[in-house]
Each structure stands twice: as C-alpha cells, then as structure tokens.
Amino acid sequence: MVVLLLVRHAVSVAPTLDGPDEHHRPLSAAGHEQAVALVAALAGFGVSRVVSSPYRRAVQTIEPTAQALGLPVYHRDDLREWRSGLAPTPIWQAHYERSWTEPDRAIGTGETLADLTCRARNAVSDLVLSASPATTILAATHGTWISRALLALGLSIDCGFWLSMPMPAIYQLSFSGPHLRGARGPGLGKEGPATH
C-alpha cells in the first residue's frame, strides 16, 4: 500500500495586480502559523518523501514538517497551481465556476481545467507507481489541483467541493498498485480530515 498525503497550502497573501506573481506569492502571517501547526498533524504518518509545487506558498507550507522529519523538499512542476490565464480580479470566482462547467475553455494562453486534470492524474500516477511498497509521500500543492486530481481518480468532486476546501487541508489517499483504495479528507465524507 502506498499512501499519498496531498496538502493544500496554508493561507497566503491575497493576489494583487502589483503584488508578487503566483510563483512567488508567500504565506500570510496566519499561514506561517498554520504551517507550523501542520507538523503535529503530519508527523505521525511515517512520511519518507516530501515533494511540493514550486510555488512559494506551497513550499512554505510543507517546510516546517520536512525539517521536523529531516527530509528534503523536492520541487515538482507538475504539482503547480492551475494557470487559469485570469489576472487578479474581484470576479475570479465566477470564472472558476464557469470553468468547472466548461473544462475545455481557456482564457488566452491559460491552461484549461481539462488540461489540469490530465496533469494532476499523471502526477499522482507517477508519484504512486514510482514509490516503493509501504511508502508514504507528502505532497504540497493547491486547492484546484487537488480537486481535479480527486476528480480524475473517480471521486464525485464539483466546484462546490473546491470552494469549501479549507486552507490548509490534508487528503489521505491509499493505493494498491495504481488503484485508489481509500480517500479521506475535508468534504469527502463523514470521517472529516485525514488523521493518523
């Protein structure tokens, strides 16, 4: 059994037109506190490998846990957030909701949600199939990415799931070979957040 722990990043500073770009946008002060608190939640899972989206807010979320475990953080571009093509705007949610109903629609040179779903599915497959048996992998990524990965794995995920996902959030996925055998986390059922 391979366990994949998907962690949505903690609270980050809000995107602005003149602020840091998506790649460099950091955690807020509250987000840094959340990242430290995640150590206790994640330390008991027996993690042997830590990977992260290269985006700063994801890396900052997982660094305290990786340091506590004495493990390096490996950056994977395939864990990056959805490149929606949308500039920071107060109407971002309407675009995101429309994209869920039209997953092949792109803005300019942005990535479609269908493309993100394929990327997320391939990344999960690569992480799981390249792992040794009885391995637990910790992966820091983003809410849209996690939602589309869970959808690609056959779970009933919609835009409402994504909109209600907390920051941070932990999703515990268990695999036997390439097959998903169990999934726990916020919004996935009565058991609530994944715990050890």
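The values are calculated or read from the model by the stated rules, or taken from the named source; none is laboratory data. Every value quoted in this text rests on a predicted model; they were computed, and no experiment measured them. No Cβ is skipped: glycine too gets one built from the backbone with ideal geometry, and neighbour counts run over all protein chains shown.
Matching residues to (1) surrounded by fewer than 18 Cβ atoms within 10 Å (Cβ to Cβ); (2) within 15 Å of the chain's Cα centre (by Cα); (3) at pLDDT 95 or above:
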position	(1), (2), (3)
Ile62	no, yes, yes
Ala66	no, no, yes
His75	yes, yes, yes
Trp82	no, yes, no
Ser99	no, no, no
Ala114	yes, no, yes
Val124	no, yes, yes
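Exactly one residue out of Trp162, Trp92 is surrounded by 15 or more Cβ atoms within 10 Å (Cβ to Cβ), of a type in the set (Phe, Trp, Tyr) and modelled with pLDDT under 95: that is Trp162. In this structure, Thr141 does satisfy being in contact with a His (Cβ under 9 Å, 6 or more places away or on another chain) and hydroxyl-bearing (Ser, Thr, Tyr). Applying a threshold of 6 Å to beta carbon distances and a minimum spacing of six or more residues, or different chains, the list of pairs starting in region 105-118 at a residue that is more than 15 Å from Ala87 (Cβ to Cβ) and ending at one that is surrounded by 16 or more Cβ atoms within 10 Å (Cβ to Cβ) and of a type in the set (D, E, K, R) reads Leu116/Arg148; Thr117/Arg148. Against the condition of a type in the set (A, V, I, L, M) and within 16 Å of Thr144 (Cα to Cα), how does Val11 come out, does it pass? Yes; evaluated as a whole, the condition is true for this residue.
Of all residues in region 17-53, those that are among the aliphatic types (A, V, I, L, M), in contact (Cβ under 8 Å) with a residue 60 or more places away in the chain and exposed (fewer than 15 other Cβ atoms within 10 Å of the Cβ) total 1.
With respect to the conditions (1) under 29 Å from Thr112 (Cβ atoms); (2) at pLDDT 95 or above; (3) not in a loop (DSSP other than H, G, I, E, B), Pro54 lacks only one, and its number is (3).
Could you tell me whether Pro193 is modelled with pLDDT of 95 or more, outside any helix (DSSP H, G or I), in contact with a strand residue (DSSP E or B) (Cβ under 6 Å, 6 or more places away or on another chain) and surrounded by 14 or more Cβ atoms within 10 Å (Cβ to Cβ)? Against the criterion (modelled with pLDDT of 95 or more, outside any helix (DSSP H, G or I), in contact with a strand residue (DSSP E or B) (Cβ under 6 Å, 6 or more places away or on another chain) and surrounded by 14 or more Cβ atoms within 10 Å (Cβ to Cβ)), Pro193 does not qualify.
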